[in-house]
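Quick note: the coordinates plus some simple rules give every number you see, no bench work behind them. The shown structure was predicted, so the numbers you read here are calculated from the model rather than taken from an experiment. Cβ placement follows ideal geometry from the backbone for every residue including glycine, while neighbour counts extend to all protein chains displayed.
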Amino acid sequence: MLPLPPTTGPTPTSTAEESFPLPPSTKVAVVIPCYRCKGQVMRVLQGVGPQVWRVFVVDDACPEGTGAWVQAQSQDPRVAVVQHTHNQGVGAAVMSGYAAALTAGAHIIVKIDGDGQMDPSLIARFVNPIVQGRADYTKGNRFFNLRSLKGMPRTRLLGNAGLSFLAKLSTGYWSLFDVTNGYTAIHARLLPYLEMDKVSRRYFFETDLLFRLGTLRAAVVDVPMEALYADERSNLKVWRVLPEFAWKNLANLGKRIAYNYFLRDLSVASLELVVGAALLLFGVVFGLTTWSNALATGLPTPLGTIMLAALPTLVGLQMLLAFMGHDVAQQPQRAIHPLLPAADSAAPEKQTR
């Protein structure tokens, strides 16, 4: 990483910048992962307003040399470049930016992409809920205003809807949508607890981070926004990653249930899940076996046998629905960062590497 420059000197402003009052000691950093976005990144940097304290551009071994380009062209003294020697993926680039911002002493870290699809003037919307103590993490939601969806490609629209539903299951944040949206902000105090070396390194990064935030019971808020579509090209192909995302979401769902309902807590919901799943499995297997035997023999099935299959199935299904209702109601609502120690002393060093 290049040495951090002094913070004095002129800084760029954005005419559309949304103002947000900050306590004088609050340090907001912006992380911009870059890969094949040399033509757009300078426009993004010029839109970062004066309220931002540092900007970390992470060159993920970009073949266009975006990091060197920024170093040569940017006159903003707040900008520092983090250089990867080989491509590691967007998740790894963000983690490197987080680590640099954490080391520098940032309090809130905003992540925006370098391809120009995210308006830097909206940074205020993402920072405010954290500053006000209402959220630990904020993320963009391009689906809030239905009229704005006209500019989104149809395949991406449908793919994002499917990915968002899978993410609701795996993260426990049932009220969130547009999980692949990379416009985010996080309070730095949470980072040491996220085991950043284990977060997914590529496009599953945003969803995997939400899963880990859920295990911490962190409060997450969706921020309405509109995407900007111009001459940029997204590197994320939704239909190509859908099978991978489905498998990883199911794996995280299993881990979330184990963590939240059996390792960290035992409740009536835990009992509903176990008994309901057992009854439903018994009812379905017994019913299919009975139906198969009836077809093979041609003999009518006694009413008692039918009830023995139907009743466990219905009761099991009802218990699983009750468990899901409990799970939806358990979405974290209170921010936890005010209760955590300062980021520089929050957790062992091995978790921030």
For region 209-215, in residue order, the Karplus 3J(HN,Hα) values (coefficients 6.51, -1.76, 1.60; θ = phi - 60°; whole Hz; Gly and Pro = x) are 5, 4, 4, 6, 5, x, 5
Net charge near Ala258 (other residues with Cβ under 13 Å of its Cβ; Lys, Arg +1; Asp, Glu -1) is +2
Unit-weight point scatterers at every alpha-carbon of region 62-125, Debye formula, q = 0.19 1/Å: log10 I(q)/I(0) is -0.93
Neighbour-count ranking for Asp59, Asp197 (other C-beta within 10 angstrom, fewest to most) reads Asp197, Asp59
Highest GNM mean-square fluctuation among Gly47, Gly298, Gly91, for the chain with Cα springs under 10 Å, belongs to Gly298
For the pair Trp247 and Ser270, the simple spin-label estimate (label points 7 Å beyond Cα toward Cβ) gives in nm 3.1 nm
Reduced to Cα centres, the span from region 252-320 to region 156-220 in Å works out to 31 Å
Mean separation of Cα contacts under 8 Å (at least 6 apart) over the residue count of the chain, i.e. the relative contact order in percent, is 18 percent
Largest fluctuation, Gln117, Gln73, Gln40 only, Gaussian network model of the chain with Cα springs under 10 angstrom, belongs to Gln73
Against the 2.2 N^0.38 Å rule of thumb, the C-alpha Rg of region 28-260 sits at a ratio of 0.95
Extension length gain for Ala72 and Phe282 (0.36 nm per residue less Cα distance), in nm, is 68.9 nm
Too long for a 18 Å Cα-Cα cut-off, among Lys111/Lys248; Lys27/Lys198; Lys198/Lys248; Lys168/Lys198, are Lys111/Lys248; Lys27/Lys198; Lys168/Lys198
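Determine the gain in length on full extension of the stretch Ser292-Met307; use 0.36 nm per residue of separation and subtract their C-alpha separation, reporting nm with one decimal. Each step should come with its number before you reach the end.
Numbers: separation 15, 0.36 × 15 = 5.40 nm, distance 1.61 nm.
Using 0.36 nm per residue and subtracting the Cα-Cα distance, I get 3.8 nm.
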For Arg334 and Leu157, extending 7 Å from Cα along the Cα-Cβ vector and measuring point to point gives, in nm, a value of 4.1 nm
Site Asn87, offset 7 angstrom along Cα→Cβ, radius 18 Å on amide nitrogen, limited to region 32-54, gives 33-41
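Could you put Glu195, Glu272 in order, starting from the residue whose Cβ has the fewest other Cβ atoms within 10 Å? It would help to have the intermediate numbers written out before the result.
Details: Glu195 15, Glu272 21.
Exposure proxy ranking, most exposed first: Glu195, Glu272.
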Here the residues of region 67-108 lying in the modelled label zone of Ala342, meaning backbone nitrogen under 19 Å from a point 7 Å along Cα-to-Cβ, are 99-108
Here region 240-247 yields Karplus 3J(HN,Hα) values (6.51, -1.76, 1.60; θ = phi - 60°; whole Hz; Gly and Pro given as x) of 6, 8, 4, x, 5, 5, 4, 5
The chain: antiparallel bridges as % of DSSP beta bridges, rounded to 5, reads 25 percent
Ranked by GNM mean-square fluctuation in the chain (Cα springs under 10 Å), the top entry among Ala342, Ala99, Ala296 is Ala296
